[in-house]
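Notes for the one structure printed next.
Laboratory data are not the source of any read-out in this text; all were calculated from the coordinates shown. The structure displayed is predicted, hence computed values, not measured ones. Counting neighbours? That spans all protein chains shown, and the Cβs are built from the backbone with ideal geometry, glycine included.
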Amino acid sequence: MRLPILNGENYAEWLELLELTLGYKNLDLAINEEKPEDLTDESIPDQRDYYAKWQRSNNMSLRLIKANMSRTIRRSIPDKPTAREYLDAIKEEYVSTDCSTVHTLIAKL
């Protein structure tokens, strides 16, 4: 299974395959879970391990997301600190586009 490049017309398929790919590669933690609290001197080893795992998931997810978008779309989406926020920004772009397309099509009927 190869992840397609997000090109502006394949958002639903792209998102579905992206989520499958991240899950298969065990990198979906950052899109499924909120960012953990920052570590402190009092953080226990389990918290440190989870934080490191989440950070790796976030970094790799952001790289995979951006690598599978057309350059034009990538430039139009503002950078975000987390993969989840970045996907939300992409979704916002496509949901508003899809809604305006639906309204245009309905108006033509």
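Checking the structure you have, find out if any residue of the stretch 39-60 is within 22 Å of Ile5 (Cα to Cα), out of contact with any Gly (no Cβ under 6 Å at 6 or more places or on another chain) and loosely packed, with under 15 Cβ neighbours inside 10 Å. Scanning the stretch 39-60 turns up at least one residue that is within 22 Å of Ile5 (Cα to Cα), out of contact with any Gly (no Cβ under 6 Å at 6 or more places or on another chain) and loosely packed, with under 15 Cβ neighbours inside 10 Å. Out of Ala30, Ala52, one residue alone is touching a Lys or Arg at 6+ places or on another chain (Cβ under 9 Å) and assigned to a helix (DSSP H, G or I). It is Ala30.
Listed conditions (1) closer than 24 Å to Glu9 by Cα; (2) in a helix (DSSP H, G or I); (3) free of Cβ contacts under 8 Å to residues at least 40 places away in the same chain are all met by Ile65, apart from (3).
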